[in-house]
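One structure below.
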Amino acid sequence: MEPIEQRGYANPDRLVSTQWVADHRNDPDILLVESNEDPLLYSTGHIDVAVEIDWTRDLNNPLTRDYLDEAGFEALMSRIGATRETTVVFYGDRNNWWATYALWVFSLFGHERAKIMDGGRQKWVDEGRPLYQSVPNRPKTTYRCPPRDDQTNRVFRDGVLKHMQERKALVDVRSPEEFTGERLHMPAYPNEGALRGGHIPGAKNVPWAKAVDPATGEFLPATRLRELYETGARLQPGEEVVTYCRIGERSSHTWFVLKFLLGYPNVRNYDGSWTEWGNLVGAPIER
Amino acid sequence: MEGLQGLLDLAGALESLDRAERIETLTDYARRYQPVPEDVAGKPYPERNKVPGCESEVYAFWVPDSGVRFAVENRQGVSAMALAAILQEHFVGPRSTEIAQVPDEIVYRLFGRELSMGKSMGLMNMVATAKALAGAAK
């Protein structure tokens, strides 16, 4: 894969290479954050100065099915030693799936100094770079943030319904089997927590992982991303887009691609996603 | 202790630990994980042996007189490796079919309730697949 700055991205500064991380990881204004799907992975080894953010423990409020509030975010950032000026570099397992999710949550609090390490944890490992088990002891800070912004990068069900009725673009990033409704009865869970299988009417299906090179986990160059989303899914450059999946985590990866790599100005992630829409009384679906 | 009671004892012990201790114990199991022997199954593993809904690309096999054996294809699937090792170590030989009696909530007792829905589903499907294999072997 060519260097990040040669891939034609709208905002190449949102991605950094593993070599950049190796070179800059000890810079005082850089904070590395590992965020994984697998809760055991960080403890088996991580980049020496990386702290861990665990979605279910650190970013999620399970009682309200919401994210942490301003006070919670301020406490989290203070604990991991970040200031408003800190550039947070996320990386993680599974092609940065949960790393982009964490970055998306950070965007709700206006922490725009946030990047992704291209290729994620696996690329770092594949390059023979070292991992360590000791947890870094970064000095605590006092972090203050603005009120959480649930409008710019996030959308709720009523907004999705209006978006759908206006025939604006929806990208369903789940697997084709989930999109068609074929996957209805997995063992123990009917359709991953939803009563109905299918998709939001008008949505285009572009599984999230198609945006990365499966061999390296790196994001595809802009030309190939445009083929995927604009030629394949017929998105119009710059149009308003809502992304969704099952709970909003896979779709945050596509949100990152459309917003930062292709530069779409108005991309929102529907974190209620199919676990809400598939159960919502009166909400139309297609199969 | 092997068998169902041994697994339940392990679950009880893990529930009494704090998060860091639990993670340390589970990663110890993950390090002990041994994939299905090559004389039982080789790569590429048959699709019919794939655990459904498991993002870590886990395959499950029943080995007569031995029990369930897993292959975890995702090198980052530490939780899947830990669960594979736990099940393989507890249900071996004459006690292998006791796995059919494992309660569904065992995943939460072993790993805690802070799992993502996708992760918990994948692990629960590993248990469900192992139980189905044991049931068919009886």
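Things worth noting here:
- Spin-label pair A:Glu177/A:Asp69, simplified geometry with 7 Å Cα→Cβ offset, distance in nm: 4.1 nm
- Relative contact order (%) - chain B, alpha-carbon pairs under 8 angstrom, separation at least six: 32 percent
- Cβ crowding within 10 Å averaged over residues, with A:29-36, A:83-90 ranked highest first: A:29-36, A:83-90
- The largest accessible area among A:Met164, B:Met121 belongs to the first residue in A:Met164, B:Met121, and the rest follow in falling order (1.4 Å probe, all chains).
- Cβ-Cβ FRET estimate between A:Asp27 and A:Asn137, R0 fixed at 22 Å, reported to 0.05: 0.80
- Using alpha-carbon coordinates, inclination of helix A:70-80 to the longest axis of chain A, degrees: 40 degrees
- Computed Rg/Rh of chain B, alpha carbon atoms with Kirkwood Rh: 0.93
- Measuring with a 1.4 angstrom probe and ignoring ligands and nucleic acids, A:Leu40 comes out at about 0 Å² accessible.
- Sorting B:Met124, A:Met77, B:Met117 by accessible area puts them as B:Met117, B:Met124, A:Met77; the probe is 1.4 Å, largest comes first, and only protein heavy atoms count.
- Counts of other chain beta carbons within 10 angstrom of each beta carbon in peptide B:21-34 average 2.
- Solvent exposure ordering (accessible area, 1.4 Å, most first) of B:Val92, B:Val40: B:Val40, B:Val92
- P(r) tail for the protein assembly as shown: Cα pairs beyond 27 Å make up 54% of the total.
- Rounded tilt (10° steps) of B:19-32 against the dominant C-alpha axis of chain B: 20 degrees
The values are calculated or read from the model by the stated rules, or taken from the named source; none is laboratory data. Model, not experiment: these values are computed from the prediction. Neighbour counts are summed over all protein chains in view; Cβ atoms, including those assigned to glycine, are modelled from backbone coordinates with ideal geometry. Heavy atoms of the whole protein, side chains included, go into the accessibility calculation; ligands, DNA and RNA do not. Shrake-Rupley method; radii C 1.70, N 1.55, O 1.52, S 1.80 Å.
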